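Written below as structure tokens is the structure these notes are about.
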């Protein structure tokens, strides 16, 4: 009876942590989308909102980590329960980094007055931010439902993000060679593109945690 009570209490505490993770993921998704919109419209007010919103994400990461570490220390879970507790730490770290990338994008929106010479690049970056947002939603759904196939599908989408990054790099180099005045805005767009690629990598990291939860094995990728 006592053991059943302990298990139930562990499950309840873990569920609370996972709800916090979903809240954190929702905020990060919003940050990524809004940073893309701020870039598209040159919207400094929205960019500032994104920058300020990072504090909430950081706070959630700290709370999640504190609760997860406390849960592991007090309940001393084994096997699948231990994997579940550890994975929350990994996922919160991945989400926090994605929030940082969105914040960095918002800073660059405010540094450059005019990206109009590179409209096609900006349009592509906005599309990429939307794709990364959808990837994150997909992988978090996979995390909650322990759906390995969906996690793998979200991870596979990262190849498209990488291809887009490579294509944008070549396009931006062309703009810089055409006109030295394009060098500064293109440099900022290069950093933005790279950070979006890194956000895609973090989605893959979360997908690896789903693999770990479901199989008990670390992904070989």
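Residues in region 28-42 that are more than 15 Å from residue 192 (Cβ to Cβ) and surrounded by 18 or more Cβ atoms within 10 Å (Cβ to Cβ): 28, 29.
Any residue at all in region 123-134 that's assigned to a helix (DSSP H, G or I), farther than 15 Å from residue 105 by Cα and modelled with pLDDT under 95? No, because not a single residue in region 123-134 is assigned to a helix (DSSP H, G or I), farther than 15 Å from residue 105 by Cα and modelled with pLDDT under 95. Evaluation of residue 141 against the conditions (1) in contact (Cβ under 8 Å) with a residue 12 or more places away in the chain; (2) surrounded by 14 or more Cβ atoms within 10 Å (Cβ to Cβ) shows that the sole unmet condition is (1).
When the residues of region 182-214 are filtered to those that are farther than 17 Å from residue 143 by Cα and without any contact (Cβ under 8 Å) to a residue 60 or more places away in the chain, the one that is surrounded by the fewest Cβ atoms within 10 Å (Cβ to Cβ) is 183. Has region 7-16 got at least one residue that is in a helix (DSSP H, G or I), in contact with a helix residue (DSSP H, G or I) (Cβ under 6 Å, 6 or more places away or on another chain) and surrounded by fewer than 18 Cβ atoms within 10 Å (Cβ to Cβ)? Checked region 7-16: at least one residue is in a helix (DSSP H, G or I), in contact with a helix residue (DSSP H, G or I) (Cβ under 6 Å, 6 or more places away or on another chain) and surrounded by fewer than 18 Cβ atoms within 10 Å (Cβ to Cβ).
Is one or more of the residues making up region 73-80 in contact with a helix residue (DSSP H, G or I) (Cβ under 8 Å, 6 or more places away or on another chain), over 24 Å from residue 128 (Cα atoms), without any contact (Cβ under 8 Å) to a residue 40 or more places away in the chain and part of a helix (DSSP H, G or I)?
No, the conditions are met nowhere in region 73-80.
Would you check if residue 61 is free of Cβ contacts under 8 Å to residues at least 40 places away in the same chain, surrounded by 15 or more Cβ atoms within 10 Å (Cβ to Cβ) and either part of a helix (DSSP H, G or I) or at positive phi (or both)?
yes
Taking residue 175, is it touching a residue at least 12 places away in the same chain (Cβ under 8 Å), within 19 Å of the chain's Cα centre (by Cα) and assigned to a helix (DSSP H, G or I)? Spelling it out, it is not the case that residue 175 is touching a residue at least 12 places away in the same chain (Cβ under 8 Å), within 19 Å of the chain's Cα centre (by Cα) and assigned to a helix (DSSP H, G or I).
For the residues 51, 73, 79, the requirement of being surrounded by fewer than 22 Cβ atoms within 10 Å (Cβ to Cβ) and within 15 Å of residue 34 (Cβ to Cβ) singles out 51.
The values are calculated or read from the model by the stated rules, or taken from the named source; none is laboratory data. This is a predicted model, so every value here is computed, not measured. A quick note on method: Cβ atoms are made from the backbone with ideal geometry, for glycine too, and the neighbour counts reach across all protein chains shown.
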